[in-house]
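Okay, structure first, notes after.
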Amino acid sequence: MKNKKEVGMTVIVKTITRLTVGLILLYGIYIVLHGHLSPGGGFAGGVIIALSFIHLMLAFGREVALKKLSQASASILESLGAIMFLGIAILGFIGGYFFLNFFLHKGKPFALFSAGIIPLCNIAICLKVGAGLFAIFAALVLFKGSDEK
Amino acid sequence: MNGYSEYMLCFMLFCIGLYCVLRKRNIIKIIIGLGIIEYAVNLFFVLVGYRSHGRAPILAKDQTILNMVDPLPQALVLTSIVIGLAVTALIVAIAIRIYEKYGTFDITKIRRLRG
Amino acid sequence: MLPFFVIIPLGAAFLISLLGKKIKNIDDVLANLGTASLLAFSLYSIILVNAHKILVYKVGSWVPPIGICMVLDGLTSFMLVTVNLVSFVVTIYSISYMKRYTDKHRFYTLFMLMLAGMNGIIITGDLFNLFVFLEIASIASYALVAFGTEAEELEAAFKYAVMGSVASSFILLGIALLYSYTSTLNMADISLVLSQKGTGLLVNFVLVLFLMGFGLKAALVPFHAWLPDAHPSAPAPISAMLSGVFIKTLGVYALCRVLFNILGVSHNILFVLIMLGVISQIVGAILALAQQDIKRMFAYSSISQIGYIIFALGIGTPLAILGGLFHLFNHAIFKSLLFLNSGAIEYATGTRDLKRLGGLNSQLPITGYTSLLGSMSISGIPPLGGFFSKLIIIIAAVQSGYIGFAIIAILVSILTLAYYLKFLRFTFFRKFSETWQKTKEVPLTMGLSMIVLAVICIVSGLLITPLFKPFLQSAVNVLLTGNSYKDLVFGAIR
């Protein structure tokens, strides 16, 4: 029986990764959703969510991470995030102005569902930044130069 | 000289980055120098917003704010950091392909376009 | 109506990147629809400006200076028509030209992003918004220059990217210093605060930083070293966009807006602009004489003609600014035409070297005659459009007393004629060499776009006639109002 080649890092790193990668993803989602109450928002949360996938790729090798989120679906998610942001902006035209917030009221301060369209914009930005960063990393990892073929 | 320390710090960082871009021969070191330039400018922009005895500009439920630092540069610098990230990613991708085509990272040897 | 100039290209870019691979030909349709509607909107904006003089659009209905505003005045509508006209013709051209490259949908995505960035720079009224759109357009153009991924294209893209990033950092440093002095970012508001507080050493330093940053984007002479490598390496429609409208929007327009309307010009600054313009003319023309590659010669010619525009803007009298802006429009048209011609030559024969081409006029008649018209127009032969703009610039220079610089401008014009005649003779009107027996005429869409630009070349002399003069005159008036820009904008907000 042939030995399968070991990909990724050592056993210690793989064990810790299995425990923490879900928590990093959850933490990123928390930062995105509370973007209007505490520091963070779309950009920072998107980067943390992308980092959780990249952590998976670093510890386990590229096949495992790409099975969870392939490069093609990362591109689709990225475009969807951008179109969602543009869509929120265009919806403001119904109220008369670009980016006007007319359908979500301001709500009580410091509550989770408040501050108008800002949480929706944060989610759209998080999709775009997270998927985009992971797509860049996957493209650089999968780059086959002419000497590798 | 006391009141100008932030200008001095950012100016020195900027000059170190500019020296890296101008004088280093390795492509990766040029990219790192570009990163240092962007850090210096972003840091300067955030330091401009400091007000004396200010605190972080975050409203909390049970505290009253007397004076806070200027929040506008912090939002603008967030945008600028993401722009810097995009430029760095693009330049690194170009540098990888240059290594594949030319076989070297030395920019004195990557000079096929001249005149 | 104003945000549509940014929404339409952005929406088209993201839709093309999403659907481009699945549905065939959707990218061509979306891109051409997008640029056609943008052209219609920009022509409509001329009518609006004639009626209202200045329009301010508050984004999200937040009142400036708290919110971002978009301003539509004479200079804005002039630049919008230029940019969108050239981009419409270029998208028609690239339907057939980009068949040679793979990944056509990524090309259209980046192209639409660049167009969105350029439109955003033109219409915005806020300084940091200008920087963000400048970066969007610049990053898209770095990627587009490297599109073919040959070795030389990557080298050119790397040099361009590093120099462009350093220039953007200079601009951001200038914006940060200006913010620290005035604590506002709205363009009209900055000029209001500067008129109240008074200018000092800091504003002069910021002005030098902006001159360095925007000067590199406009390829003025100490900062021109990226242009002769970057413009030939891009695919031909992108070279037309880059050389035709990109360096004018990011460089000349942004510099004018910041210098004339926000910071206020004085005699010293105008003299610096004149010197930079004159040096650019001379260096560009002399270096263009020695080139053997068609597109590299055109790139040096761009440096020279931008020198004309900056020279005219530096003179500062109303007639000179009229000549400068008219030359900006003309140069966008004929330089795009010439780059599209070089793309057609490369599509048909596969080479760009002047020594190997010859006698192509019998095989490629459309390309030959349109490049004849374009070259005659750029050298200033009457009655084509370029003659009138150069005449106005030289008359204005003589009227202001800069007779020496006017003589230099005339000599550079003669040098321009020299190298364009060299190009025409070597490519089209020489003895026919047998290697090019089998070349066919270029496809229909490419020929159509070249003919459209050539026709505009011929009739653009009519822009000076009293029928169409208000188009240029409103742009000139905006630059001449100088610091009272803020009164116009604040008056239109209430």
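What follows is calculated from the coordinates using simple rules that are stated; it is not laboratory data. All figures in this text were calculated on a predicted structure; none of them were measured in a lab. Every residue, glycine among them, receives a Cβ derived from its backbone with ideal geometry; neighbour counts consider all protein chains shown.
Return a whole-number percent for the relative contact order of segment B:2-102, with Cα pairs under 8 Å and 6 or more residues apart as the contact set.
Working: 85 pairs, mean separation 23.7, N = 101.
Relative contact order of segment B:2-102: 23 percent.
Each of C:THR124, B:THR79 has some number of other Cβ atoms within 10 Å of its Cβ, and from fewest to most they run B:THR79, C:THR124.
Hey, what angle do you get for helix B:27-48 against the long axis of chain B, alpha-carbon based, 0 to 90 degrees rounded to 10? Between helix and principal axis, roughly 20 degrees.
Note on C:ALA290 and C:GLN399: the extension gain reaches 35.9 nm, defined as 0.36 nm multiplied by sequence separation minus the Cα-Cα distance. Rounded to the nearest 10 degrees, the inclination of helix C:201-218 to the longest alpha-carbon principal axis of chain C is 20 degrees.
Could you work out the local net charge near A:MET57, counting Lys and Arg as +1, Asp and Glu as -1, over the other residues with Cβ closer than 13 Å to its Cβ? If you can, show how the numbers build up before the last one.
Numbers: positive: A:LYS14, A:ARG62, A:LYS67, A:LYS68; negative: A:GLU63.
Every neighbour counted, the sum reads +3.
Volume per residue of the convex hull around the Cα atoms, evaluated for segment B:2-102, comes out as 98 Å³. In terms of surrounding Cβ atoms within a 10 Å radius of their Cβ, A:PHE60, C:PHE5 rank from fewest to most as A:PHE60, C:PHE5.
What is the order of A:HIS36, C:HIS327, C:HIS52, C:HIS231, fewest Cβ neighbours within 10 Å to most? Please list the in-between numbers first.
Working: A:HIS36 19, C:HIS327 24, C:HIS52 11, C:HIS231 27.
Least crowded to most crowded, the residues run C:HIS52, A:HIS36, C:HIS327, C:HIS231.
Out of the trypsin sites (Lys or Arg not before Pro) in segment A:1-92, which ones are loop residues according to DSSP with at most 15 other C-beta atoms within 10 Å? Those satisfying the criteria are A:LYS2, A:LYS4, A:LYS5. Each of C:ILE456, C:ALA140, B:GLY103 was placed along the dipole of the protein assembly as shown (beta-carbon charges, centred on the mean Cα), and the one lying farthest toward the positive end is B:GLY103. Per q in 0.05, 0.07, 0.09, 0.10 Å⁻¹, report the Debye log10 I(q)/I(0) for the protein assembly as shown, using one uniform scatterer on each alpha carbon and no solvent. The computed values of log10 I(q)/I(0) come out as -0.26, -0.51, -0.86, -1.07. Counting 0.36 nm for each residue step from B:LEU66 to B:THR79 and taking away their Cα separation leaves a gain of 1.9 nm. Applying the criteria of a DSSP loop state and at most 12 other Cβ atoms within 10 Å to the chymotrypsin sites (Phe, Trp or Tyr not before Pro) of segment B:25-115 yields B:TYR50. When the alpha-carbon atoms of segment C:167-320 are used, the pair Rg, Dmax equals 16.6, 55 angstrom. Compute the separation of the alpha-carbon centres of segment C:332-378 and segment C:391-410 and state it in Å as a whole number. About 31 Å separates the Cα centre of segment C:332-378 from the one of segment C:391-410.
To the nearest 20 debye, what charge dipole does the protein assembly as shown have about its Cα centre, counting +1 at the Cβ of each Lys and Arg and -1 at the Cβ of each Asp and Glu? Show your work: numbers first, answer last.
On the way: 56 positive and 29 negative charges, 281 e Å.
It comes to approximately 1360 debye.
For segment C:178-188, putting each phi into the Karplus relation 6.51 cos²θ - 1.76 cosθ + 1.60 with θ = phi - 60° gives couplings of 5, 5, 5, 8, 10, 6, 8, 10, 6, 5, 5 Hz, in residue order, rounded to whole numbers and with x for Gly and Pro. To the nearest Å, what is the center-to-center distance of segment A:33-88 and segment C:1-61, using C-alpha atoms only? Segment A:33-88 and segment C:1-61 have Cα centres separated by 29 Å.
Under 17 Å of direct C-alpha separation, and excluding same-chain neighbours fewer than eight residues apart, A:LYS14 reaches these aspartates and glutamates: A:GLU6, A:GLU63.
If a spin label sat at a point 7 angstrom from the Cα of C:LYS197 along the line to its beta carbon, the backbone N atoms of segment C:122-163 nearer than 19 Å would be those of C:126-129.
By how many degrees, 0 to 90 and rounded to 10, does the Cα axis of helix C:294-315 deviate from the longest principal axis of chain C? Here the helix axis deviates by roughly 30 degrees. Size of segment C:4-493 from its Cα atoms: along the principal axes, largest to smallest, the extents are 72, 59, 44 Å. Straight-line cross-link partners of B:LYS109 among the aspartates and glutamates, defined as a Cα under 20 Å from its Cα and at least 8 positions apart when in the same chain: B:GLU100, C:GLU150, C:GLU152, C:GLU153, C:GLU155, C:ASP229.
With a Förster radius of 35 Å applied to the C-beta separation of A:ARG62 and C:ALA40, the computed FRET efficiency comes to 0.15.
Only DSSP H runs of four or more residues enter the estimate; each adds -39500 (n - 2.57), and after division by the residues of the protein assembly as shown the mean residue ellipticity at 222 nm equals -23500 deg cm²/dmol.
Which links in C:LYS248/C:LYS422; C:LYS22/C:LYS440; C:LYS248/C:LYS390; B:LYS29/B:LYS101; B:LYS101/C:LYS295; C:LYS104/C:LYS355 stretch past 29 Å when you go from one Cα to the other?
On the way: C:LYS248/C:LYS422 27 Å; C:LYS22/C:LYS440 32 Å; C:LYS248/C:LYS390 17 Å; B:LYS29/B:LYS101 19 Å; B:LYS101/C:LYS295 23 Å; C:LYS104/C:LYS355 32 Å.
Correct reply: C:LYS22/C:LYS440; C:LYS104/C:LYS355.
Its relative contact order, with pairs defined as Cα atoms under 8 Å and 6+ residues apart, puts chain C at 17 percent.
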